[in-house]
Structure formats: C-alpha cells, structure tokens
Amino acid sequence: QVRLVESGGGLVEPGGSLRLSCAASRHILSGDRMAWYRQAPEKQRELVASITTDIDTNYTDSVKGRFTISRDNAKNTVYLQMNSLKPEDTAVYYCNAAIRRYYGSSYIDYWGQGTQVTVSS
C-alpha cells in the first residue's frame, strides 16, 4: 500500500501563486506516472497535469502556461506550481500516482486525500 500526502493548498487572491506538494510513502520508479486532478463543486474530476519523466508532461488547456508539474524522485514527491491563479481554478486538488512495485510489474493506482485551493479576492 502506498500513501500519498498532499500539502500546499489554501486561499489566494486572483493572480497569486501556490505550490502543491504530494509525497509518496514509497519509492517511485522512474517512468511511473504521477498526476494532479481537481474537482470543483458540482463538476466532474478533471486531469490538470501529469508527468512520467522530466520531458514527458501533459497539461489541460486551461492551465497551460500557468501551471508547472515537476517531480523529485529522490524525495518521492511531485509538485504543482500554480501561477496567475484565477477564480475558476478553485477546486479540491488530488494527487494521483500509477505506481509499480518493481520494473515489469503492473501499475497500481493510488489517490491522495485532496487539498483545497480557493482563489478569491
């Protein structure tokens, strides 16, 4: 079993920045996929950004140019740097990881508990 612990959410004014962190309780293998999702009230959960390697990242169109996903494999941690935040970014942000126990084994999906991000003046 792997635990994902998120931190860094909070209240920020429009145009501000936040950095979310997600620490895994076990070593993450190179190539394991880690991602951030978000869910706003009365909306479906959506993929915000994902990272497999440092050069293999994906973003939903609404955050391109404003958010940056990165990972530190030595710390088993994935980050989401969020700049130029807008009220429509308000949501609960969830960390997701598709992790293998060892190279060649199957991927298992894990979720964090979520962290609230509120963008408001």
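Tabulated values for the structure
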{"quantity": "Counted residues, the range 110-121 - those being farther than 11 Å from A35 by Cβ and in a loop (DSSP other than H, G, I, E, B)", "calculated": "4"}
{"quantity": "Candidate set from the range 68-109 (those that are in a strand (DSSP E or B) and among the aromatic types (F, W, Y)); member that is surrounded by the most Cβ atoms within 10 Å (Cβ to Cβ)", "calculated": "Y93"}
{"quantity": "Test: S121 is small (G, A, S), open to solvent by 20 Å² or more (accessible area, probe 1.4 Å) and either in contact with a Leu (Cβ under 8 Å, 6 or more places away or on another chain) or within 21 Å of L11 (Cβ to Cβ) (or both)", "calculated": "yes"}
{"quantity": "Tally of residues being more than 17 Å from L85 (Cβ to Cβ) and surrounded by fewer than 14 Cβ atoms within 10 Å (Cβ to Cβ) across the range 8-25", "calculated": "1"}
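The values are calculated or read from the model by the stated rules, or taken from the named source; none is laboratory data. Just so we're clear, the structure is a prediction, and the values are computed from it rather than from any experiment. Quick reminder, even Gly has a Cβ in these numbers, built from the backbone with ideal geometry, and neighbours come from all protein chains shown. The area values use the complete protein model at the heavy-atom level, side chains included, leaving out ligands, DNA and RNA. Shrake-Rupley method; radii C 1.70, N 1.55, O 1.52, S 1.80 Å.
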